[in-house]
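First comes the structure, then the notes that go with it.
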Amino acid sequence: MSKYKPKDAPVVPVVGGAVTSSTGDREEQMRRWEEEQAQRRQTAAQPPAPLVPAPAPPEPAASAQAAAELTEAKAAAGPAAPVRPVDTGYLPMPEFTEPDSTDPEARLEFYSRGILAVQYAARANHERAEQQKLIGLGLRLRALKDEELHKTANFDTFGEMTDARFGIKKHQANNIIRVLGVAQALEDITTQELKERPLRVLVPILETHGVDAVRQTWEEAARHGNVTDTALKEAATFLGFAPPKVLESVLEAGAPAKPKEVAAPPSESLKVVERIRTLAQNDLEQARKEAAELESAVRALLEELQGDLS
């Protein structure tokens, strides 16, 4: 005997439980039964509707005492620090995409343009970052110097603290502070790197003529290409912002001639210059190399001496 129970045959509905003699009525009953079965199969094949989670009950409102304590805590903490807006002027790095063309030359040209675009964005963002670095350092160094916080750090001078803690020499820190106002005046009109040395030209213009004169001088110098200290001097002179140069004559009108002075012996620095000049007669390339090294050393010395006098 089989252990499986055979399926029951589907029940055929009969009106009133008895066989009717009308063939049309029985066909109508069968048609309705088939429609009901088809509708049930269609309903069973459809996926169930997703369950919608019940809304979470609202959290109980904070008590009046808790709200008062929160207000007191905020007041004790003081006003929130102002949030500086994100610096503009940075270029988004171009995203990598593939060309539509399958031609190798077209694909080469497409990828080449992408590489140049990435290099351009990197250079532009680097210049902007260096500009903001100069301003950021200047603001903080000026605050340290004005508040004489080197004493708090047990240093005798401001320069000793910047050198020991940040690796910034005294003359360099003073020069950064000196050009801070100029850099702030220019950050809204250019994203270029602002180097401390050329900006020194604009310091007296800022002090005498103000921010607009500094911007006009920069824009005039930028019209001719790379902005250097020489270009800024020429632009300031053209716009009338440069300080007037006092021309002194060798002999004033009607004044007696000065007696001829006996030439003093050459100093050690002049001896070095003469030695390089003599070297140029035999080895011009080596003379140029030593002259460039001497120029670099003298320039660094002048900056150090200028910073020590500040």
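The values are calculated or read from the model by the stated rules, or taken from the named source; none is laboratory data. All values derive from a computational prediction rather than experimental measurement. Cβ placement follows ideal geometry from the backbone for every residue including glycine, while neighbour counts extend to all protein chains displayed. The area values use the complete protein model at the heavy-atom level, side chains included, leaving out ligands, DNA and RNA. Shrake-Rupley method; radii C 1.70, N 1.55, O 1.52, S 1.80 Å.
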TODO: For the stretch 159-197 and the stretch 101-140, write down the distance between their C-alpha centroids in whole Å.
DONE: 25
Task: Net lengthening on full extension, Phe110/Lys233 (0.36 nm per residue, minus Cα-Cα) - done: 40.0 nm
TODO: Pick out, in residue order, every one of the trypsin sites (Lys or Arg not before Pro) in the stretch 126-183 that is DSSP loop and has at most 12 other C-beta atoms within 10 Å; say none if there are none.
DONE: Lys151
Open item on the list: Students often get this wrong, so check it: of Lys169/Lys289; Lys145/Lys195; Lys169/Lys195; Lys169/Lys271, which have C-alpha atoms separated by over 18 Å?
Closed with: Lys169/Lys289; Lys145/Lys195; Lys169/Lys271
TODO: Among Ser112, Asn125, Leu199, flag the residue with its Cα farthest along the positive direction of the charge dipole of the stretch 106-242, charges on Cβ as +1 for Lys/Arg and -1 for Asp/Glu.
DONE: Ser112
Open item on the list: I'm checking a number: the convex hull volume of the Cα atoms of the stretch 111-246, normalised per residue, in Å³. What is it?
Closed with: 135
TODO: From largest accessible area down, sort Trp33, Trp218; use a 1.4 Å probe on the protein chains.
DONE: Trp33, Trp218
Open item on the list: I want to check the label-to-label distance for Asn154 and Arg197. Put each point 7 Å from Cα in the C-beta direction and report it in nm to one decimal.
Closed with: 3.8
Task: Computed lengthening from Glu130 to Arg40, 0.36 nm per intervening residue step minus Cα-Cα distance - done: 25.0 nm
Open item on the list: Using 0.36 nm times the number of residues separating His224 and Ala122, minus their current alpha carbon distance, what extension gain do you get?
Closed with: 34.3 nm
